[in-house]
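What follows draws every value from the coordinates through simple rules; no lab data is involved. Note that the structure is a prediction, hence the values are computed from the model and not measured. Here Cβ is always computed from backbone atoms with ideal geometry, including for glycine, and neighbour counts include all displayed protein chains.
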Amino acid sequence: MEGNVVAVAITNLEEVLSYKNDDIIHRFAEEFNLTLVDSEAIFTEMKKWLWLCAIQSFQNSRSKRPTYPLTLFHEMFVVDLMWHTFILFTHDYAKFCDRYFGTFVHHVPRSSRVLPLALEEQSARIRNTYEYIYDNLGEETLLSWCETLPRKFAELSKH
């Protein structure tokens, strides 16, 4: 899944993370039988992902050498599930994107009908995404998304 966006103005991460929406947190907790604390923590990580997609797209729009779009890989399924929940609240999601990024962050899943990416391109996308996460959000976030969250919420991968 890619986050496609051409951002015109991006708010700093701290401001994006200050956004609250109890309806989304409650819906996610109920749907996946999680505590509100866990649901809120995942919501925070998903806001980081959206911010990351927006800044990468903004930078690419001004670069002569754009990089691959960021891609949510299987290890990051927990962030993706929360993104799905947020998108269900269409009005709130659209307002959030407009307020913090100046444009809509589209969720672009890959269809199973699409041929798998060549190994070289898949490797380049993985490397690009992981490096971008590390460079902009740090090692802690990268490890959280790719190791800690998938391990803690492994049962959610069946959804």
Per the rule of 0.36 nm per residue minus the C-alpha distance, extending THR148 to SER18 adds in nm 44.5 nm
Between GLU155 and ARG62, take the C-beta separation as r, use R0 = 35 Å, and let me know the FRET efficiency to the nearest 0.05.
0.25
Need the full-extension length gain, SER123 to ASN33, defined as separation in residues times 0.36 nm minus the C-alpha distance. One decimal, nm.
29.0 nm
Taking the number of other C-beta atoms within 10 Å as the exposure measure, put MET82, MET46 in order starting with the fewest.
MET46, MET82
Output the pairs from LYS48/LYS95; LYS20/LYS95; LYS20/LYS158 with a Cα-Cα distance over 22 Å in this structure; if there are none, say none.
LYS20/LYS158
